[in-house]
Structures are given as C-alpha cells and as structure tokens.
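Data first, discussion second: the structure below is written as structure tokens.
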Amino acid sequence: MDFLTLLLIAVGLSMDAFSVAICKGLAMPKATFGKCAIVGLWFGGFQALMPIIGYFLGCSFAHVVERVDHWIAFGLLAIIGINMIRETMSGDDEGHDSDFGPRKMFVMAVATSIDALTIGISMAFLRVDIWVAATVIGVVTFAFSAVGVSLGCKFGAKVGSKAGIVGGVVLICLGIKILIEHLGLI
C-alpha cells in the first residue's frame, strides 16, 4: 500500500472523530491547547490502536466485527448525543473539566474508532506494515480532532448555551449515517 492511499484512509477514518471533536468544542467557552490535545490524544490514540488490534485478530473474527460494528457505533453515538441534549435541556452543567473525564472520552474514542478495527483486519490481508499505518492514522486523527475542537468552540460561541443540543443532534445524525451506510440503504 502506497503512502498516498494510506493517507487517504487515515483522513477518511478521522472524519468521525473530527465530527465528534467539533461537538466537544461546541460546549466550550474557550478551546485551550490542553483541551484540544486531550481530545486529539484520545481519538488519535484509539484510531491508531484499533487497526493494530484488528490486524492481529485477522480474518478469524472479521465476520463478527463487520456484522455489528455499525450497530455499536450507532448505539454509542446515539447515547452520547441523547445525553448531551438531555443535559442541555435540563440545564445540568457538569462543568467543562468533567466533560473530558476518562470514562466519557473512552466511550467517544471507541465509538469513533470501530471502523478502524475493520480496516486493521483488512490490512492483515494486504500485508501492510501495521506500525507505519497505525502511526499515520493516529497522527492524522490527532490533528483533525484538535482542529475540530477549536472549530466547534468558535461555532459554539456564536450559538450560545444551547450548543449542546446542536452537538447532540450532530452525534445522533452521525450514528444514523454510519448505520444507514453499513446497512446499504444509500
């Protein structure tokens, strides 16, 4: 696999994380370097880790993962989106630091990186250097995610305190899009 193809795969895989990062930024009054880096590290780290796991699982579990990956991503994104909307509507402000807690970031990172697991399985068949591939995927996703937080914050400042509703709807729509694409409805 040539580098350009690998780079295009990395960009494609990073789009879900980019969308969720924008949603994270929507609720922030200011996008600090630290918060952008936290989101980038979580999302980039999981986007790098999942192809490695997929690669080593190989084809023996491909049929299981491919059959449910879209349902897992849909479910996780829908739950996160509904919670964002619920918290915004109820006025429940947990504070910005708690929004970056390990449990919440873990769920988001897993939800956005499930497709990368399947890509890793396919890379096993192509005899790709998984360490190079995982590094490229992780770095690209880190960059897109960090920029996404910043962009979301700028947009969120314009829409005010109800940005959580917008973010929640975007996450739910992203989950529906993943589900529809994998079910072959578009």
Principal-axis tilt of helix 62-90 within the chain, Cα atoms, nearest 10 degrees: 10
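With r defined as the distance between the Cβ atoms of MET1 and ILE176 and R0 fixed at 22 Å, what FRET efficiency is calculated, to the nearest 0.05?
E between MET1 and ILE176, to the nearest 0.05, is 0.10.
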Please provide three numbers in whole Å: the alpha-carbon extents of the chain along the principal axes, with the largest listed first. 50, 33, 28
What is the percent carbon and sulfur in the accessible area of the chain, measuring with a 1.4 Å probe over the protein chains and ignoring ligands? 72
By how many degrees, between 0 and 90 and to the nearest 10, does the Cα long axis of helix 102-126 differ from the longest principal axis of the chain? 20
Where does helix 3-26 land angle-wise versus the long Cα axis of the chain, in degrees 0 to 90, nearest 10? 20
Residue-averaged 222 nm ellipticity for the chain, from DSSP H runs of 4+ at -39500 (n - 2.57), nearest 500: -29500 deg cm²/dmol
So how do TRP71, TRP131, TRP42 rank on accessible area, 1.4 Å probe, biggest first, that is with the largest at the start? TRP131, TRP71, TRP42
Let's test the formula: R0 of 45 Å, r as the Cβ-Cβ distance of TRP131 and ASN83. What FRET efficiency results, to the nearest 0.05? 0.80
As a test question: what accessible area, to the nearest 10 Å², does GLU181 have when a 1.4 Å probe is rolled over all protein chains in place? 90
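The values are calculated or read from the model by the stated rules, or taken from the named source; none is laboratory data. If you're wondering where the values come from, they're calculated on a predicted model, not measured in any experiment. Backbone-built Cβ (ideal geometry, glycine too); neighbour counts: all protein chains shown. Heavy atoms of the whole protein, side chains included, go into the accessibility calculation; ligands, DNA and RNA do not. Shrake-Rupley method; radii C 1.70, N 1.55, O 1.52, S 1.80 Å.
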